[in-house]
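Here's the structure we're looking at; comments come further down.
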Amino acid sequence: MNADVLNRLHAYAVKIRRNLHEYPEVGFDLPRTAALIKSELENMGIESTDRYGPCSLAAELGNKGPLIALRADTDALPVEEKTGLPYASKIKGQMHACGHDSHTGVLLAVARYLKEQEENLPCRVRLIFQPSEEGAISGAKMMVENGVMEGVDHILCTHCENALEAGKIGYCAGDYMAACVPLTIVFHGHTAHAALRQGGVDAILMGVKAYEELHVMAEKEAGNLPYIWSTGVLSGGTAHNVIADRCEMQISFRFYDNAFAARVRENTFSICEKIAKEAGGSVEIDWHMSTGPIYNDPKVIARFDAITRVQGMEVTSIPRRMSSEDFAWYLEKAPGMIFRFGTRNETMGCTQLAHRNDFCMDESGMKAAIQAFIAYILEYK
C-alpha cells in the first residue's frame, strides 16, 4: 500500500472518529453509532447484519481461505468530557474516554480498503462491531453466545494506547490482560437504637470484619501470583443513631490463574457465611465472571510480528497488565491477539490514560493500526 492510499484511509478514519466522538453512546444503547456504521458499510457495498444482538453489526468479505475476524468496540463511557476539543462530546455526561471511536474509525477504513481488494484477498474476513465493552453486561459475550464466532479460525483486535508513542505498535505475547470478577457482598442484620445496640445485628460490623479477612485471605492464597483485590464500595446505614441492617461491599477481583480464583471464591463464601452466622445475620454474594483472561496466541503473534516488521513498522513488546477487556470471550472460541497502537504525543498534550475526562489522543497513531490490520490480511499465508 502506497503512502497516498494510507493517508486517504487515515483521513477517512479520523473523520469517522470525530463524528462518533461528538455523539458518544453508552452500553447497548447505540442507535446512532450503529446506523452510521451500517450506512458506511453500505456505501462501500458491504452488507452487514445485526443478528448477533442489539446495536451490534457484523459483515464478511472474501470468498476463499480461512476466516479471520477483526473486532472493534463501539461504545463510550458515562463521563462528562472536559477536553475543550472542537469536536468534544455534545451529549451531556457521555464521552469516548477510552478511544473506541478511534477503533471504529480504524476498522471502517480497513473495511473500505479490503473491499476494494476483495477479489485478491487470500482469506475471508469477518468484521465485528461490538457494543458494550465498558458495560456491566458484556457485548462480546452476547455476540459470541449468538454465534458471531462460528467458523472463525482466529481473531484480532486493537486498542489505542497513550503510554505508547504515536506511530508505534505494541503487543505482549502469552498472558496479557487479567480476568475480572465484579463481586458484590451484602450483609443483612437488624436495626436497633445506637444506645441499645445489643438489640440489633450490626451489618456494618460484619462488613468491616469481612473487608479485613478477605484481603488477608486473597494475599495468602495468591503467593507470588499476580492479582488485584480492590474494595471500591463499603457502604451501609441510614443514620448515626441507628444500627445498620444492611452493608454492601463491591470488590474488583482480577487474576490470571483459574485454580487460584476457585480457591478465593470458596474461601470468600466460607468467610462471609461464618461472619454472618456468628453475628446472627445473613449474607448474599453475587460472584460472576465479567470476562476471562486474555491470552495472545504465540502463533498469531509470530505471524503478526513478521508481517508488520516486513512492512517497516515500529513494533515493540509491551508489559502484561491487570486491566481487563471483554475481547477474552472471543478467545474462548478461537485463538487470537490484541495489539496496541500508540497515540501518545507530549507536545500535543496527549498523555492522559484512558477513562479520564480530559483524555485525548494523537490521531496520527491510527495510521499504524490501519496499516497493521491490512498488512496482516493481505500477507496472510
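Counting other Cβ atoms within 10 Å of each Cβ, which trypsin sites (Lys or Arg not before Pro) in region 1-102 have at most 16 and sit in a DSSP loop? Walk me through the numbers on the way to the answer.
On the way: sites: ARG8, LYS15, ARG17, ARG18, ARG32, LYS38, ARG51, LYS64, ARG71, LYS82, LYS90, LYS92; in loops: ARG51, LYS64, LYS82, LYS90, LYS92.
Answer by residue number: ARG51, LYS64, LYS82, LYS90, LYS92.
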Q: Could you tell me the distance between the Cα centroids of region 262-286 and region 1-51, to the nearest Å?
A: 48 Å
Q) Using alpha-carbon pairs under 8 Å, 6+ residues apart, how would you state the relative contact order of region 313-381 in percent? A) 23 percent
Q. So what does the Cα-only Debye profile of region 92-148 read at q = 0.20 Å⁻¹, as log10 I(q)/I(0), no solvent term?
A. -0.90
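How big is D for the chain, in µm² s⁻¹ as a whole number, if Stokes-Einstein is applied with the Kirkwood radius of its Cα pairs at 20 °C and 1.002 mPa s?
On the way: Rh = 22.4 Å.
Approximately 96 µm²/s, per Stokes-Einstein.
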Q. Are there GluC sites (Glu not before Pro) in region 97-163 that DSSP marks as loop and that have at most 12 other Cβ atoms within 10 Å, and which are they?
A. GLU150
Q: Please tell me the relative contact order of region 183-266 in percent, rounded to the nearest whole number, where contacts are Cα pairs under 8 Å and at least six residues apart.
A: 39 percent
Q.
On the principal axes of its Cα set, how long, how wide and how thick is region 214-329? Give whole Å, largest value first.
A. 70, 29, 23
Q. Kirkwood Rh, Cα Rg: Rg to Rh for region 282-364?
A. 1.08
Q) Where does helix 298-310 land angle-wise versus the long Cα axis of the chain, in degrees 0 to 90, nearest 10? A) 40 degrees
Q | For q = 0.18, 0.23, 0.28, 0.33 Å⁻¹, Debye-computed log10 I/I(0) when each Cα of region 47-94 counts as one equal scatterer | A | -0.76, -0.91, -1.09, -1.26
(Q) Give the aspartates and glutamates reachable from LYS274 as a straight Cα distance under 16 Å; neighbours fewer than 8 places away on the same chain don't count. (A) ASP202, GLU212, GLU213, GLU266, GLU284
Q: Mind ranking ILE294, ILE91 by accessible surface for me, highest first, 1.4 Å probe?
A: ILE91, ILE294
(Q) Over the chain, with a Gaussian network built from C-alpha contacts below 10 Å, which listed residue (ALA109, ALA88, ALA72) shows the highest mean-square fluctuation? (A) ALA88
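Given Cα pairs under 8 Å that are at least 6 residues apart, what percent is the relative contact order of the chain?
Details: 869 pairs, mean separation 89.9, N = 381.
Computed value for the chain: 24 percent relative contact order.
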Q | Around ALA244: net Lys/Arg minus Asp/Glu count, Cβ-Cβ under 15 Å | A | 0
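I'd like the per residue volume of the convex hull spanned by the Cα atoms of region 89-186, given in cubic angstrom.
Values: hull volume 19.7 nm³, N = 98.
Considering the Cα atoms of region 89-186, their hull volume per residue is 201 Å³.
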Q) Using modelled backbone amide H atoms (1.01 Å from N, in-plane), which distant-in-sequence or interchain residues come within less than 5 Å of THR291's amide H? A) CYS180
Q | region 117-162: translational diffusion in µm²/s, Stokes-Einstein, Kirkwood Rh over Cα pairs, 25 °C, 0.890 mPa s | A | 191 µm²/s
Q) Fully extended, how many nm does the chain gain between LYS64 and GLU284 (0.36 nm per residue separation, minus their Cα-Cα distance)? A) 74.0 nm
Q | GLU266 versus GLU212: modelled label distance in nm, points set 7 Å from Cα along the beta carbon direction | A | 2.6 nm
**Q.** Backbone HN-Hα couplings from phi across region 35-51 [Karplus 6.51/-1.76/1.60, Hz, Gly and Pro as x]
**A.** 5, 5, 4, 4, 5, 5, 4, 4, 5, 7, x, 10, 7, 10, 9, 10, 6
Q. At what distance in angstrom do the alpha carbon centres of region 181-204 and region 306-377 lie from each other?
A. 46 Å
Q) Hey, which lysines would be in cross-link range of LYS141, C-alpha to C-alpha under 18 Å, not counting anything within fewer than 8 residues on its own chain? A) LYS333
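The values are calculated or read from the model by the stated rules, or taken from the named source; none is laboratory data. Since the model is a prediction, treat every value here as computed from it, not as a measurement. Glycine gets a Cβ as well: all are built from the backbone with ideal geometry, and neighbour counts include every protein chain shown. Surface accessibility is based on the protein's heavy atoms, side chains included, excluding ligands, DNA and RNA. Shrake-Rupley method; radii C 1.70, N 1.55, O 1.52, S 1.80 Å.
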